[in-house]
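The values are calculated or read from the model by the stated rules, or taken from the named source; none is laboratory data. Fair warning: this is a prediction, and the values are worked out from it, not measured in the lab. Neighbour counts run over all protein chains shown; Cβ positions are idealised from the backbone, glycine included. These accessible areas exclude ligands, DNA and RNA; they are computed on the full protein's heavy atoms, side chains included. Shrake-Rupley method; radii C 1.70, N 1.55, O 1.52, S 1.80 Å.
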Amino acid sequence: MKKREQIKRKDNVVYFPGIEKRLTVKGLESLEKKKFNEAITLLEEARELDQDNDDILIGLVLAYFEAGSFKKAKVLANEMLLKGIGDYFQMVDLYLTVLIQLHEYQEIVSTIEVLLEEKEIPPEKHDHFITILQFSRRMAENRQPAEVEVEIPPEVQALNLLSTNNLNEQLLVVAGLAEKNIRPYLEEIADYLKDETGHPFLKTMLLTLLKEQEINKELVVDKFFEKKPFIPTELPEVRVLPRMIEVKALLEDRLESENPGLFENTIGMVERTFFISYPFELEPANPAAWAAAFHILAQEYLGIEPEISKIASEYGTEPKEIEQAREQIEIIEKISYPNI
């Protein structure tokens with residue numbers, strides 16, 4: 001005779017047997033459809049009924065991450081690591097990915113150093129973690145390149161960035177450059193930047209490293225079917241792009257106090273978009289049109305039907321400009337970040 005499932009109760013509410021499984025399935029389906037806030041709601045409810053379910057918790061971390069709730073994703077991923085829930089090294093990778101988005105490079109360094117001290121890293125993952133460690137140390141220390149010219153070795157191993165379509169492999173190669181003098185690789189980096197098949201995320205990382213090492217050579221960058229020459233030393237810092245700051249300020253004025261959850265999700269989308277599109281300034285030039293477009297998309301992701309004409313009026317911009325910005329945001333959102 002089949003054993004009956006135990007009835008679950010919480011705060012005097014009786015839940016039907018198997019409700020957490022149905023919530024989990026629906027939550028993961030919403031995650032797959034990029035309805036991240038809907039996924040969060042469903043998976044949080046499922047978690048209330050099944051605290052240590054791997055599928056629920058991993059899905060919830062991913063939903064938090066994709067919705068831009070990086071701090072919540074960090075707390076939950078760390079909790080899972082401490083409790084030993086899920087595949088350990090899968091969770092370590094996920095935790096490090098979240099920390100990168102939070103720019104918490106010192107925490108990345110500390111985490112990987114502990115793994116190295118305990119000699120727990122499998123041989124096949126050793127190089128992977130060492131490369132991330134080197135990159136994070138560089139970012140944490142924010143070291144400046146030496147003023148004296150560094151001698152370039154006569155033979156340098158090629159990066160081969162264009163010889164593989166594996167984004168993880170490319171990311172490791174680019175991250176490994178943080179600990180090196182980048183000048184011997186300039187020709188190959190220049191080829192990657194101007195190649196239309198190169199990933200926009202990796203191109204931003206390369207430009208950031210070139211700027212750090214004070215490369216003042218003109219390089220052509222191809223992103224989103226546009227090519228333009230740039231000099232890395234003359235580029236603004238990716239975290240303080242003037243238009244991004246203006247867009248954030250407009251959204252803060254209208255959303256932070258009125259709807260903090262919507263504001264948090266919107267800001268995550270803003271940062272992803274400007275990071276991926278860097279160093280191009282996409283049209284329209286009007287920051288208000290971008291702020292309105294981000295506001296509308298964030299509402300749609302939450303399942304709210306936006307009043308486009310009303311939002312356009314609030315931001316003092318035209319629906320045509322908003323639609324132009326929106327189309328580009330949606331393209332960039334589909335690209336997103338490559339996984340580590």
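Residues in segment 152-165 that are modelled with pLDDT under 75 and surrounded by 10 or more Cβ atoms within 10 Å (Cβ to Cβ): ILE152, VAL156, THR164. Of SER313, SER277, all but one fail to be of a type in the set (Ser, Thr, Tyr) and more than 30 Å from GLU104 (Cβ to Cβ); the exception is SER313. Of the listed requirements (1) open to solvent by 90 Å² or more (accessible area, probe 1.4 Å); (2) closer than 19 Å to PRO184 by Cα; (3) charged (D, E, K, R); (4) modelled with pLDDT of 90 or more, GLU246 misses just one: (2). Just one of the listed residues (VAL238, VAL221) is β-branched (Val, Ile, Thr), surrounded by 13 or more Cβ atoms within 10 Å (Cβ to Cβ) and within 17 Å of the chain's Cα centre (by Cα), and it is VAL238.
Conditions tested, residue by residue: (1) closer than 18 Å to ASP87 by Cβ; (2) in a helix (DSSP H, G or I); (3) open to solvent by 20 Å² or more (accessible area, probe 1.4 Å); (4) among the β-branched types (Val, Ile, Thr).
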position: VAL25; (1), (2), (3), (4): no, yes, yes, yes
position: GLU29; (1), (2), (3), (4): no, yes, yes, no
position: LYS34; (1), (2), (3), (4): no, no, yes, no
position: ASN37; (1), (2), (3), (4): no, yes, yes, no
position: LEU42; (1), (2), (3), (4): no, yes, yes, no
position: ARG47; (1), (2), (3), (4): no, yes, yes, no
position: ILE56; (1), (2), (3), (4): yes, yes, no, yes
position: LEU62; (1), (2), (3), (4): yes, yes, yes, no
position: VAL75; (1), (2), (3), (4): no, yes, yes, yes
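How do the pairs read when you match residues in segment 282-311 that are more than 17 Å from GLN324 (Cα to Cα) with residues anywhere that are part of a helix (DSSP H, G or I) and of a type in the set (Lys, Arg), using Cβ under 9 Å and keeping only pairs 6 or more apart or on different chains? Once the first residue is more than 17 Å from GLN324 (Cα to Cα) and sits in segment 282-311, no partner that is part of a helix (DSSP H, G or I) and of a type in the set (Lys, Arg) comes close enough.
Within segment 75-86, being in contact with an Asp or Glu (Cβ under 8 Å, 6 or more places away or on another chain) and of a type outside the set (A, V, I, L, M, F, W, C) holds for LYS83, GLY86. Taking each residue of segment 246-274 that is assigned to a helix (DSSP H, G or I) and looking for partners that are of a type in the set (S, T, N, Q) and open to solvent by 70 Å² or more (accessible area, probe 1.4 Å) with beta-carbon atoms closer than 9 Å, six or more apart or interchain, yields PHE263/SER257. Being among the aliphatic types (A, V, I, L, M) and either touching a residue at least 60 places away in the same chain (Cβ under 8 Å) or in contact with an Asp or Glu (Cβ under 7 Å, 6 or more places away or on another chain) (or both) is not true of ILE182. For ASN259, are the conditions met, namely being of a type in the set (S, T, N, Q), on the phi < 0 side of the Ramachandran plot and surrounded by 20 or more Cβ atoms within 10 Å (Cβ to Cβ)? Judged against the criteria, ASN259 is not a match.
Just one of (1) part of a loop (DSSP other than H, G, I, E, B); (2) more than 30 Å from ILE296 (Cβ to Cβ); (3) open to solvent by 30 Å² or more (accessible area, probe 1.4 Å) fails for GLY198. It is (3). Among the residues of segment 310-323, is there at least one that is of a type outside the set (Phe, Trp, Tyr), surrounded by fewer than 21 Cβ atoms within 10 Å (Cβ to Cβ) and within 20 Å of the chain's Cα centre (by Cα)? No: segment 310-323 contains no residue that is of a type outside the set (Phe, Trp, Tyr), surrounded by fewer than 21 Cβ atoms within 10 Å (Cβ to Cβ) and within 20 Å of the chain's Cα centre (by Cα). Against the definition (under 30 Å from ILE267 (Cα atoms), assigned to a helix (DSSP H, G or I) and of a type in the set (D, E, K, R)), how does GLU113 come out, yes or no? Taking the combined requirement at face value, the residue does not satisfy it. Across segment 138-151, not a single residue is classified as at pLDDT 80 or above and either in a helix (DSSP H, G or I) or farther than 30 Å from GLY59 by Cβ (or both).
Being modelled with pLDDT under 90, crowded, with 19+ Cβ neighbours inside 10 Å and touching a helix residue (DSSP H, G or I) at 6+ places or on another chain (Cβ under 9 Å) is true of ALA298.
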